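Structure record follows, encoded as structure tokens.
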Amino acid sequence: NISISGGRFTENLFVVDGIGVNSRLDVSSTNANHYIEGNAAASAQSLWVDSSLVGNIIVRDSNVSAEFGQFTGGVVQIDTRAPSHEFGVTAHYGESGADFAQFVMSDKNRRALSGAAPEKPDYRKYRFGASIDLPASDDLRFLIGYNQSYSRVKYARSAAYAQHGDYGQESRNHNLMGKFEADLQADLRLSGQVTYSPYESEFAHPTGFNNMVYLQGGGLSGSLKLEGGAAHDAKWKVEVSHA
């Protein structure tokens with residue numbers, strides 16, 4: 001949720017590998033307590049890829065080409081990396097939580113305390129994934145990647161409902177991408193990909209119990225592209241895509 005050239009975050013255009021992936025749903029409110037009132041999406045961007053699969057990002061804020069439209073703020077253009085010509089496997093894992101962090105309290109707030117300082121926030125976050133590059137031959141290459149991020153946060157209910165105990169909220173994001181490139185000739189390449197990024201998250205207001213809201217969403221896109229060159233450095237491209 002970023003502002004570009006003074007526009008609202010809902011006014012930007014997000015493009016992943018040439019495909020617009022803006023949410024078709026109402027994303028004007030970021031308050032999870034109001035999702036059930038009609039704001040049915042958690043992000044202005046409906047599809048994303050893990051940073052380990054990103055090859056290039058361009059943010060356009062002025063003098064934008066006519067090939068882009070559907071925005072009044074700016075353009076976030078994301079291109080995923082190409083399959084490698086060499087076999088390779090990469091993996092990553094990251095974890096964070098209250099035990100890994102130091103929480104700083106200002107002197108003003110410390111003086112205002114009438115009792116003991118509040119406990120540390122109770123949360124845990126994980127991020128892990130892997131990708132594999134599979135060159136079938138010098139002219140045919142594949143890339144497959146899967147990533148997931150997960151978080152869980154513990155919350156306390158309001159005083160009127162404290163007898164029902166604390167509760168947790170979870171969120172989980174998945175990302176799966178498959179991609180191929182085939183060199184049909186020296187100046188002719190066929191490529192395609194499918195990207196799927198579902199997510200699920202929970203929300204409950206502390207003033208109550210048995211009031212958990214479950215939110216599910218995400219995006220799916222695919223494309224098939226044929227591109228080549230001609231005399232005098234001319235280039236052409238034909239692409240069919242679905243989002």
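Answer yes if at least one residue in region 222-230 is under 17 Å from GLY145 (Cβ atoms), open to solvent by less than 50 Å² (accessible area, probe 1.4 Å), of a type in the set (S, T, N, Q) and touching an Asp or Glu at 6+ places or on another chain (Cβ under 7 Å), and no otherwise.
So in region 222-230, the residues under 17 Å from GLY145 (Cβ atoms) come out as 222-223.
In the following step, the residues that additionally are open to solvent by less than 50 Å² (accessible area, probe 1.4 Å) were identified as 222-223.
Then drop every residue that is not of a type in the set (S, T, N, Q), which leaves 223.
Now narrow it down to the ones that are touching an Asp or Glu at 6+ places or on another chain (Cβ under 7 Å): 223.
Looking for residues that are under 17 Å from GLY145 (Cβ atoms), open to solvent by less than 50 Å² (accessible area, probe 1.4 Å), of a type in the set (S, T, N, Q) and touching an Asp or Glu at 6+ places or on another chain (Cβ under 7 Å), one finds at least one in region 222-230, hence yes.
For region 57-73, name all the residues that are closer than 25 Å to TYR199 by Cβ and touching a residue at least 24 places away in the same chain (Cβ under 8 Å).
VAL59, GLN70, PHE71, GLY73
Would you point out the residue of region 167-207, among those that are hydroxyl-bearing (Ser, Thr, Tyr) and surrounded by 15 or more Cβ atoms within 10 Å (Cβ to Cβ), that is nearest to VAL54 (Cα to Cα)?
Of all residues in region 167-207, those hydroxyl-bearing (Ser, Thr, Tyr) come to 167, 171, 191, 195-197, 199, 201, 207.
Among the residues that remain, those that are also surrounded by 15 or more Cβ atoms within 10 Å (Cβ to Cβ) are: 167, 171, 191, 195-197, 199, 201.
Details: TYR167: 36, SER171: 23, SER191: 17, THR195: 13, TYR196: 15, SER197: 14, TYR199: 19, SER201: 24 Å.
So the residue we want is THR195.
Could you list all residues from region 148-157 that are surrounded by 17 or more Cβ atoms within 10 Å (Cβ to Cβ) and outside any strand (DSSP E or B)?
ARG157
Can you name the number of the only condition in (1) modelled with pLDDT of 90 or more; (2) touching a Ser or Thr at 6+ places or on another chain (Cβ under 9 Å) that LEU215 fails?
(1)
Among the numbered conditions (1) part of a loop (DSSP other than H, G, I, E, B); (2) within 32 Å of the chain's Cα centre (by Cα); (3) not acidic (Asp, Glu), tell me where ALA117 comes up short.
With respect to (1) part of a loop (DSSP other than H, G, I, E, B); (2) within 32 Å of the chain's Cα centre (by Cα); (3) not acidic (Asp, Glu), ALA117 is out only on (2).
Taking interchain pairs and intrachain pairs at least six residues apart, which have beta carbon atoms under 6 angstrom, with the first residue in region 131-147 and among the aromatic types (Phe, Trp, Tyr) and surrounded by fewer than 16 Cβ atoms within 10 Å (Cβ to Cβ) and the second at pLDDT 95 or above and not in a strand (DSSP E or B)?
Short answer, once both residue conditions are applied: none.
Check off (1) part of a loop (DSSP other than H, G, I, E, B); (2) open to solvent by 60 Å² or more (accessible area, probe 1.4 Å) for ALA160 and give me the number that stays unchecked.
(1)
Being touching a helix residue (DSSP H, G or I) at 6+ places or on another chain (Cβ under 8 Å) and assigned to a strand (DSSP E or B): is that true of LEU226 here?
Values: touching a helix residue (DSSP H, G or I) at 6+ places or on another chain (Cβ under 8 Å): no; assigned to a strand (DSSP E or B): yes.
In short, no.
Name the one entry in ALA40, ALA116, ALA101 that is open to solvent by 50 Å² or more (accessible area, probe 1.4 Å) and modelled with pLDDT under 85. Break it down into steps so the answer makes sense when it comes.
On the way: ALA40 fails: open to solvent by 50 Å² or more (accessible area, probe 1.4 Å); ALA101 fails: open to solvent by 50 Å² or more (accessible area, probe 1.4 Å).
Exactly one residue qualifies, and that residue is ALA116.
Do you know which residues across region 153-188 are of a type in the set (Lys, Arg) and at pLDDT below 95? Explain how you work it out, then say what you get.
Taking region 153-188 first, the residues of a type in the set (Lys, Arg) are 154, 157, 172, 179.
Listed by number, the residues that qualify are LYS154, ARG157, ARG172.
Within region 144-167, can you find the residues that are touching a helix residue (DSSP H, G or I) at 6+ places or on another chain (Cβ under 8 Å) and not small (Gly, Ala, Ser)?
Filtering region 144-167 down to residues touching a helix residue (DSSP H, G or I) at 6+ places or on another chain (Cβ under 8 Å) leaves 145, 147, 156-157.
Listed by number, the residues that qualify are ASN147, ARG157.
The values are calculated or read from the model by the stated rules, or taken from the named source; none is laboratory data. Just so it is clear, the model here is predicted, and its values are computed rather than measured. Because the Cβ atoms are built from the backbone with ideal geometry, glycine has one as well, and the counts that use them run over all protein chains shown. For the accessible areas, the whole protein counts, side chains as well, though only heavy atoms, and no ligand, DNA or RNA atoms are used. Shrake-Rupley method; radii C 1.70, N 1.55, O 1.52, S 1.80 Å.
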